[in-house]
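Report on the following structure.
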Amino acid sequence: SATLDALKKNVIVAEESKRLIKAYVLQTFQETLDSIGEVATGLLSAVPNTATSTIYFEGCKETKSGTIKDEIVAIINTDGTNDIPIKSYSGGERTTIDLAVDLAVIDVIETKAGKGANFIFMDEPFDGLDSVCKENCLEILKSIDTNKKIIMVDHSSELKEMVSDIILVVKKGETSTIAG
């Protein structure tokens, strides 16, 4: 009987420990999401059409049935009035918001890890955007406080006019060469 009581106490301690660890992990995760939202919001403030927008993330939510739904929902609040899920945006606005969130994730991870890469590669990041949206996205890239080299592959002649350093690669048949 004493052994059974000791086992019951151990089970209670184990269950309480599990609950506390889960609560700590969820809190830490939400704090990380909050940090990403703050950094992304700061990046969007550099773009005229998103300057008054705030991004935040909702982590785990309790459903009507009382179960926990593990889903991250990204929300953008414009002018302090409308909470709109980011997934409902499309086109240039969505690309601009996604870029800010991606850069914020990189920043938060590197800050928490204490290290990171000193370059960012982007492959046709603004494909399909109009010139205003491309300029907005470039403003976000210019606003990041970093010593990172940003290497972008793009075929848009319009974008070439918007950046300062260009390496032009010319392809003839199966051969590619760097043009002056």
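Every number here is computed from the coordinates shown, using simple stated rules; none is lab data. Because the structure is predicted, anything quoted here is derived from the model rather than measured. Here the Cβ is made from the backbone with ideal geometry for all residues, glycine too, and neighbour counts use every protein chain on show.
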Cleavage-rule hits, trypsin sites (Lys or Arg not before Pro), the stretch 86-163, DSSP coil, Cβ neighbours within 10 Å at most 16: Lys115, Lys148
At most 16 other Cβ within 10 Å, DSSP loop - GluC sites (Glu not before Pro), the stretch 136-180: Glu161, Glu174
Label corresponding to mean projected area of the Cα convex hull in nm² when calculated from the structure given, among [x] 11.2; [y] 15.0; [z] 17.4: [z]
Listed residue (Phe121, Val73, Leu44) projecting farthest to the positive dipole end of the chain, Cβ model: Val73
Choice from Thr63, Thr32, Thr81 showing the highest fluctuation, given a GNM over the chain with Cα pairs closer than 10 Å: Thr63
Mean separation of Cα contacts under 8 Å (6+ apart) over length of the chain, as relative contact order %: 16
Folded to 0 to 90 degrees: helix 131-143 orientation relative to the chain principal axis, Cα: 60
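List the GluC sites (Glu not before Pro) in the stretch 1-71 that DSSP assigns to loop (not H, G, I, E or B) and whose Cβ has at most 13 other Cβ atoms within 10 Å. Which are they?
Working: sites: Glu15, Glu16, Glu31, Glu38, Glu58, Glu62, Glu71; in loops: Glu71.
Those that pass, being in a loop and sparsely packed, are Glu71.
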GNM result for the chain, Cα springs below 10 Å: residue of Ala51, Ala100, Ala113 fluctuating most strongly: Ala113
Whole-Hz ³J(HN,Hα) from phi, Karplus 6.51 cos²θ - 1.76 cosθ + 1.60, for the stretch 31-38, glycine and proline x: 5, 5, 4, 4, 5, 4, x, 5
